[in-house]
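Worksheet for the structure shown next.
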Amino acid sequence: MNTPKICSYSFIECLEYVKAWDIQKVLADQVAAQVHDDVLLLLEHPPVFTLGRRSKTEDMLTPRDAIESLGASVVDVDRGGEITFHGPGQLIGYPILNLRRWGGPLAYVRALESTLIEVLAAYGIEGKRIDGVTGVWVSGAKIGAIGVRIGSGVTTHGFALNVNTDLSWYDHIVPCGIHDKDVTSLERVLGKAISLEEVALITARCFGKAMGVGMKEIAFAEFFDNYGLGSYAYRR
């Protein structure tokens, strides 16, 4: 009998983007060396605009210095995709997993979309794919974005689901380079705010189902010690 694959996960609350990126790199090295099981980080960020490898300058509608004066940072990153926004009330998922043990890149991205579609279904919302673009949509508006990087067979970056996100931040960009589509959130669709931690726990379960792995929770208080990340603990 094959031993089920295990993915640990932790909801680590709010973490500044670059620190979370640094943590992903450390975890990716550990997973590549098979020091630890795969891991799913669930968190939110302070306001930040990130520009993936295919981002276009013209898709940033507000200059960087003006965005920074509003209290958001701007970061060029090594993931695929184009420009997007992360901020409070948005659930971020960073799966750090050995893709060689699971499947190819396209199947992986489709599994992330399936994860978000299942999360929405838990709230009675029909999420859909749109041919030719990556992500998850509700009534033609984007609610879930995906942008990944695969290095040495290990994934970093991941997905973002608008839960209680302040959608006015998207006015400063052309989200994901798509000019003719709106953005939305669970709060907008349902007409009420939803607990981000509640959504995180549902997401972990749906991720395990989509990936065909067992999920093992690690409490926030233990996460940094378990993965040798003490220097990052509570540095938000």
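The values are calculated or read from the model by the stated rules, or taken from the named source; none is laboratory data. Please read these numbers as outputs of a predicted model, since none were measured by experiment. A quick note on method: Cβ atoms are made from the backbone with ideal geometry, for glycine too, and the neighbour counts reach across all protein chains shown. Please note that ligands, DNA and RNA were not included when accessible areas were found on the heavy atoms of the full protein model with its side chains. Shrake-Rupley method; radii C 1.70, N 1.55, O 1.52, S 1.80 Å.
Out of all the residues in the stretch 151-166, is one or more without any contact (Cβ under 8 Å) to a residue 40 or more places away in the chain, under 17 Å from the mean Cα position of the chain (by Cα) and under 19 Å from Tyr17 (Cα atoms)? For the stretch 151-166, residues without any contact (Cβ under 8 Å) to a residue 40 or more places away in the chain, under 17 Å from the mean Cα position of the chain (by Cα) and under 19 Å from Tyr17 (Cα atoms): absent.
In the stretch 13-32, the residues that are on the phi > 0 side of the Ramachandran plot form Cβ pairs under 9 Å with partners that are of a type in the set (Lys, Arg), at six or more places apart or across chains, as follows: Glu13/Arg236.
Applying the criterion of being within 17 Å of Gly89 (Cα to Cα) and not hydrophobic (A, V, I, L, M, F, W, C) to the residues of the stretch 11-59, the residue that is most open to solvent (accessible area, probe 1.4 Å) is Glu13. Of Gly140, Gly132, Gly127, all but one fail to be over 30 Å from Gln34 (Cα atoms), within 19 Å of the chain's Cα centre (by Cα) and either at pLDDT 95 or above or surrounded by fewer than 22 Cβ atoms within 10 Å (Cβ to Cβ) (or both); the exception is Gly127.
Per-residue answers, yes or no, for (1) open to solvent by less than 10 Å² (accessible area, probe 1.4 Å); (2) of a type in the set (D, E, K, R):
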site: Ile150; (1), (2): no, no
site: Ser168; (1), (2): no, no
site: Ile173; (1), (2): yes, no
site: Cys176; (1), (2): no, no
site: Leu190; (1), (2): no, no
site: Glu198; (1), (2): no, yes
site: Ala204; (1), (2): yes, no
site: Met215; (1), (2): no, no
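Each row is one residue, and each column tells you yes or no for (1) of a type outside the set (Lys, Arg); (2) in contact with a Pro (Cβ under 8 Å, 6 or more places away or on another chain); (3) over 13 Å from Gly147 (Cα atoms).
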site	(1), (2), (3)
Arg53	no, no, no
Glu58	yes, no, yes
Ile67	yes, no, yes
Leu91	yes, no, yes
Tyr94	yes, no, no
